[in-house]
Amino acid sequence: MTTMLKGIAASSGVAVAKAYLLVQPDLSFETVTVENIENEEARLEAALSAAQSELQIIKDKAVDSLGEEAAAVFDAHMMVLADPDMTAQIKATIESKKVNAEAALKEITDMFIAIFEGMEDNAYMQERAADIRDVTKRVMANLLGVKLPSPALINEEVIIVAEDLTPSDTAQLDKRYVKAFVTNIGGRTSHSAIMARTLEIPAVLGTNNITELVSEGQLMAVSGLTGEVVLDPTPEQQSEFHAAGEAYAAQKAEWAALKDAETVTADGKHFELAANIGTPKDVEGVNDNGAEAIGLYRTEFLYMDAQDFPTEEDQYEAYKAVLEGMDGKPVVVRTMDIGGDKTLPYFDLPEEMNPFLGWRALRISLSNSGDAMFRTQLRALLRASVHGTLRIMFPMVALVTEFRAAKKIYDEEKAKLIAEGVPVAENIEVGIMIEIPAAAMLADQFAKEVDFFSIGTNDLIQYTMAADRMNEQVSYLYQPYNPSILRLINNVVKAAHAEGKWAGMCGEMAGDQTAVPLLMGIGLDEFSMSATSVLQTRALMKRLDSKKMEELSNKALTECATMEEVVALVEEYTK
Ligand code: PEP
Ligand code: MG
């Protein structure tokens, strides 16, 4: 029977394909006494060898997509599987205790994990414990005959269904086969949504319970344009979705004609249209979509995709590749923004009650334990600066003194490099993200010291509204067009201009077609968004008059009480 549901339209496009459930299976089992020891040992051997072949395929794919070094973790996993000592001990347990292979596997691997984890000061041993834990899951799944989801093993067209997708899950998705994804949680500004737009994979998020409604292999139709999801669509519904997909493709082709066009309004005012990236690989999409700059390079993916802190050299290569790829066009690099929903397997972040309000981003960089990694990143950036037009910004700044402390470290590292004879570009602009209301309120003071602002509305809205950007239940409060948010943005833009500085925006609001007319009116200088929104925004700006948008934003700022009133006003002014 056909079922219809609606989630948040998070990445444009349409797909009709079979469901692939990316959910952790139940790996619980009962300990039972066995008589046939040989049979149990044969089950163990079969599970070990099946796990070995799965890992080999995953590793080969990872080498192709991420490179030899990033795939090395799978070698470590295969070494665990091939360890004769561990296998012998599991078999010995089956023999001596007459228990099933599941029970023996768990007993022995738990013992190894406890030993390795006990060596607290030894990061290498801690990693081995994590490897054993991962590998055990795969062997256990094979023993129990359940599927451990492995996106890398997908080799036919599917729609991924999951509770949520981590950035590294998303990065592993192969666009040839993954036609869309649908999740229980998340919204337009969650990182899975941002990645989906970068990869141009249609996505519907925040459906609450899609993982319970759909079964493996069930046919689904998904629209990332409307947020609609249909399970077991009828042939007519399938045609409707296909037609919507074709209409969207035709619209995209029309926008594509603007790739090399200037971004000017109907009355000739220029705005800078920039794109957000997560990895050097994304630069291609930035150029293909005709962006004039990179307004946000989220460097934390460099840290999240690694097994250990990326070295100065690794970072230098990544920044250089991005700067060269942009061929002299500006690139705003944000220093690492770890914490919140972004954790690192090799860096111990404390458990916190409110991670989004906790120890994250610049707060880590300015702490004793973050100092070395912050300096390494700044050195890599400074060295790369000669390869293009680099701008640096710090995330999550609340206090003027935080900016001063970060700037001081930057100046120290710059002076050291120059003393060492290393060439560094002149005129590197150093700015901050405005994503905490305190900084937005005090923008006039910040503007005296920084070179630019980039407004991070994804966080600014959640902190202003006190509504978690990932939480479905409070998503009605997440209102980019609320007059309170517009007033904060206006305050920031006017404060920048009063000091002769520029203000941009790199939160998702910058590419929101309802918000763009308001932001043009407010006088935002730079709009940085998912690369795939750039051409659509250029088309919109071309047909609007900047003076009229000023009138619109003034009205919204002074006369509106609700988001609905603002939206109605935008419709009236942009018809
Ligand atoms: C923001 O907060 O708006 C932003 C651009 O940063 P992130 O989405 O990475 O938190
Ligand atoms: Mg942010």
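Readers should treat all values here as calculations from the given coordinates under stated rules, not as data from a laboratory. Keep in mind the model is a prediction, meaning the values are calculated, not measured. Positions of Cβ are backbone-derived with ideal geometry, glycine not excepted, and every protein chain shown enters the neighbour counts.
Side notes on the structure shown:
- Modelled spin-label separation between Asp308 and Thr343, with each label point placed 7 Å from Cα along the Cα-to-Cβ direction: 2.2 nm.
- Gained length - Ala498 relative to Ser96, 0.36 nm times residue gap less alpha-carbon distance: 136.7 nm
- Overall dimensions of region 183-300, expressed as equivalent-ellipsoid semi-axes from the Cα gyration tensor (√(5λ), whole Å, largest first), are 32, 20, 12.
- Its relative contact order, with pairs defined as Cα atoms under 8 Å and 6+ residues apart, puts region 54-166 at 25 percent.
- Each label point was placed 7 Å from the Cα along the Cα-to-Cβ direction; for Ser215 and Leu153 their separation is 2.0 nm.
- Full extension of the segment from Ala243 to Glu35, taken as 0.36 nm per residue of separation minus the current Cα-Cα distance, would add 68.8 nm.
- Distance between the modelled labels on Glu551 and Ala82, one decimal in nanometres: 7.5 nm (7 Å Cα→Cβ projection).
- Reachable lysines, given that their alpha-carbon falls under 27 Å from the alpha-carbon of Lys18 and they are not under 8 places away in the same chain: Lys6, Lys59, Lys61, Lys137, Lys147, Lys175, Lys179, Lys252
- Restricting attention to region 444-575, the count of lysine pairs at 8 or more positions apart or across chains with alpha carbons under 20 Å apart stands at 10.
- Across every direction, the projection of the convex hull enclosing the Cα atoms of region 272-420 has a mean area of 9.2 nm².
- Fully extended contour minus Cα-Cα distance, from Asp26 to Thr401, at 0.36 nm per residue: 130.0 nm
- At 1.306 mPa s and 10 °C, Stokes D of the chain from Kirkwood alpha-carbon radius, µm² per second: 62
- DSSP H segments from the chain that extend 24 Å or more along their own axis, Cα-based, with Kyte-Doolittle mean of -0.5 or above: 37-66, 101-118, 123-144, 368-384, 400-419
- Mean residue ellipticity, 222 nm, helices only, the chain: the sum of -39500 (n - 2.57) across DSSP H runs of n ≥ 4, divided by residue count and rounded to 500, is -15000 deg cm²/dmol.
- Contact order relative to length of the chain, as percent, for alpha carbon pairs under 8 angstrom and 6 or more apart: 15
- Applying 1/(1 + (r/R0)^6) with R0 = 56 Å to the Cβ-Cβ distance of Ser49 and Ala419 gives a FRET efficiency near 0.45.
- Across the options Val204, Leu552, Ile8, the greatest Cα extent toward the positive end of the charge dipole of the chain (unit charges at beta carbon of Lys, Arg, Asp, Glu) belongs to Leu552.
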